[in-house]
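The values are calculated or read from the model by the stated rules, or taken from the named source; none is laboratory data. Only a predicted model underlies this, so the values are computations on that prediction, with no experimental measurement involved. Here the Cβ positions follow ideal geometry from the backbone for every residue, glycine too, while neighbour counts run over all protein chains shown.
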Amino acid sequence: MNLPELFFYLFAGVTVGFAVVVAFSTNLLHSAFTLFFLLFFMAGFYALLGGDFLAMVQLMVYAGGINVLLIFGTMLTADVAQPERSNLSFQGVLTFFSGVAFTAVLLAVFEHTTWPLLEQPAEVGPTTIDIGKLLLKEYVLPFEVISFLLVAAMVGAIMVVKGGKEQ
Amino acid sequence: METLFLDLGLPHTLSSFLAMTVWAVLLIHFLAIYAGVTSWVERRVAAKMQSRVGPNRVGPQGILQWLADGVKLILKESIDPEGADRFMFYLAPFLMVCGVFATFVVLPWGSFIIPADLNVGILYLISITALVVIGILMAGWASNSKWALLGGMRSAAQIVTYEIPVAMGLLPAIMAAGSLQMGHLMAAQGWAPWEWFAFQNPFAALSFFLFFIGSIAESNRIPFDLPEAESELVAGYFTEYSGFKFAAFSLAEFGNTWVVGAVTAAVFLGGGNLPAFLGESAILSLVVFTAKTLFAVFLLMWIRWTLPRFRIDQMMDFSWKYMLPLAFVAFFGQAIYMMLTYESAMAQQIISHGMFLVFLLVLFKFTGRVMLNVREQLSPVNSPASDLVAPAQPTVETEAQAVTE
């Protein structure tokens, strides 16, 4: 067993373990903190696949940004440690049906897609230069459109906050 | 180091694993000893700046004070506050140490020694701070104390806020080097000050200041130490901690000074580059790099003990209303500068040398001012021999004037 393989199984085991904790913890804040470690270890998968830049973006955006916001939000929630308001309070019947339906769709997709397999692992090298070139040459229009959308969302958020204050 | 183990005839997997382990052991011991010694140095420097003596009893000049402190903290009772979330309460300090220690993976030790020269090194350095944020939030919440919770929230908000100017402040250097790799960033600079990114052009200098200020805020030091403001929050997120867990927080805090210093030295102050006539000596490069790092650490201490603390709203305003727009100015300015001087090495030379001359001018002016202050302080205030008694004469004159009137 070589080193990447060893680390893959390590990451996979740890991530699944954290996912179980996130899903079944009776304390919302424990779930939120565990989600951080889950997202953190997800970056390990990207690094193993050769996506060095993607791994760092995962760390920065999901673990460092979104999850910290999520924890802030959870801290502002009352009674985080109440079991009846946490993961255990789900609608049994509805959850069963939606879960079964979702899994069925996923399975169907897995079955009917032909997954292209590489004969051998692709040459893994630094990806940052290629990503930069693609973003600023081939995909410059989508890139600009998305950044414009984000600016619009930011302006919108500021407007919502300001409007709330005036009322 | 990996080749060393390979030469011994060990298999590839084992040798790379052993190399990682050796690096980790070396670095964590360096971090622990550095943080300890710095805690003593910082107190001595602070004492000097405030005309006090500072710790000077344990060992010559008190140099062993940090060992005594460490032993004291380990022997102290470890108190769990009532209603604390025990597991998270115990985990938080070590997460913070992990967050600081993890940055050492990409920190260089001179031009030739880097534990792991990642292709995305500087990005890794910025994003691994997330561990520190989580550690602080966890400590704040798990303590079951209002001070700790508020301190933790503030601190996390502060780090998230100042992460943006810090990252934006690093961008001009990344643009000039054309790489995110620590080794490339250092190699793109030269040994002489006018070849450093800090003096490359006015915009790079601006980004250097933004980066340094933002780094101070990220390491929660005065003037940005609101999370631990004694007058408002007791000790912030580590109010409830005692014993070894408290020592772990101090370890992270003082270890962070090295991280800030090393990144400053590597990205803006020319790293461990040596002039050509000195050859390629790894030891000499390490010495140069360490000297620059320690100078940046001294700057951190200097700022900490000379400035008062911000108010919370001023702190937020400062980041969002001043530092962020300035960071954008530096970013666009650097882009325009690179476009204009792309083909003319002459213009680049003139601008960087000019920047360095301006810096020297400021330095001389500053030194003159400091010398003046030192001279005035040297003359004892109450002795008749000093020329500071002079103010007595004008009063005589005014009395004489009053009499004549």
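Checking B:Leu137 against (1) assigned to a loop (DSSP other than H, G, I, E, B); (2) within 13 Å of another protein chain (Cβ to nearest Cβ), which single condition isn't satisfied? Result: B:Leu137 passes all but (1). Of the listed requirements (1) at pLDDT below 85; (2) surrounded by 15 or more Cβ atoms within 10 Å (Cβ to Cβ); (3) of a type in the set (Lys, Arg), B:Lys292 misses just one: (1).
A quick yes/no check of all residues on (1) at pLDDT 90 or above; (2) in a helix (DSSP H, G or I); (3) within 14 Å of chain B (Cβ to nearest Cβ); (4) surrounded by 10 or more Cβ atoms within 10 Å (Cβ to Cβ):
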residue	(1), (2), (3), (4)
A:Val61	no, yes, yes, yes
A:Thr77	no, no, yes, yes
A:Ser89	no, no, no, yes
A:Val109	yes, yes, no, no
A:Thr114	no, no, no, no
A:Glu119	no, no, no, no
A:Gly125	no, no, yes, yes
A:Pro142	yes, yes, no, yes
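Considering the range B:148-250, the qualifying helices (runs of 4 or more DSSP H), each wholly inside and each with 1 or more residues that are within 14 Å of chain A (Cβ to nearest Cβ) and under 18 Å from the mean Cα position of the chain (by Cα), run over B:182-187, B:202-218.
When B:Gly70, B:Gly59 are screened for being over 30 Å from B:Val370 (Cα atoms), in contact (Cβ under 8 Å) with a residue 40 or more places away in the chain and not aliphatic (A, V, I, L, M), only B:Gly70 passes. Right, B:Ala327: in contact with a Leu (Cβ under 9 Å, 6 or more places away or on another chain) and buried (at least 17 other Cβ atoms within 10 Å of the Cβ) or not? Against the criterion (in contact with a Leu (Cβ under 9 Å, 6 or more places away or on another chain) and buried (at least 17 other Cβ atoms within 10 Å of the Cβ)), B:Ala327 qualifies.
Yes/no matrix, rows are residues, columns are (1) touching a helix residue (DSSP H, G or I) at 6+ places or on another chain (Cβ under 6 Å); (2) among the charged types (D, E, K, R); (3) in the same structural domain as B:Thr239 (by TED's automatic domain parsing):
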residue	(1), (2), (3)
B:Trp40	yes, no, no
B:Gln50	no, no, no
B:Ala68	no, no, no
B:Gly83	no, no, yes
B:Met88	yes, no, yes
B:Pro93	yes, no, yes
B:Asp117	yes, yes, yes
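Across the range B:114-130, which residue is farthest from the chain's Cα centre (by Cα) among those that are more than 8 Å from chain A (Cβ to nearest Cβ) and assigned to a helix (DSSP H, G or I)?
Among residues in the range B:114-130 that are more than 8 Å from chain A (Cβ to nearest Cβ) and assigned to a helix (DSSP H, G or I), the one farthest from the chain's Cα centre (by Cα) is B:Gly121.
Selection within the range B:82-100: residues that are surrounded by fewer than 22 Cβ atoms within 10 Å (Cβ to Cβ) and in a helix (DSSP H, G or I). The member of this set that is nearest to the other protein chains (Cβ to nearest Cβ) is B:Met88.
Please work out if B:Trp109 is more than 27 Å from B:Ala345 (Cβ to Cβ), at the interface with another protein chain (Cβ under 9 Å from one of its Cβ atoms), of a type in the set (Phe, Trp, Tyr) and touching a residue at least 24 places away in the same chain (Cβ under 8 Å).
Numbers: more than 27 Å from B:Ala345 (Cβ to Cβ): yes; at the interface with another protein chain (Cβ under 9 Å from one of its Cβ atoms): no; of a type in the set (Phe, Trp, Tyr): yes; touching a residue at least 24 places away in the same chain (Cβ under 8 Å): yes.
No; evaluated as a whole, the condition is false for this residue.
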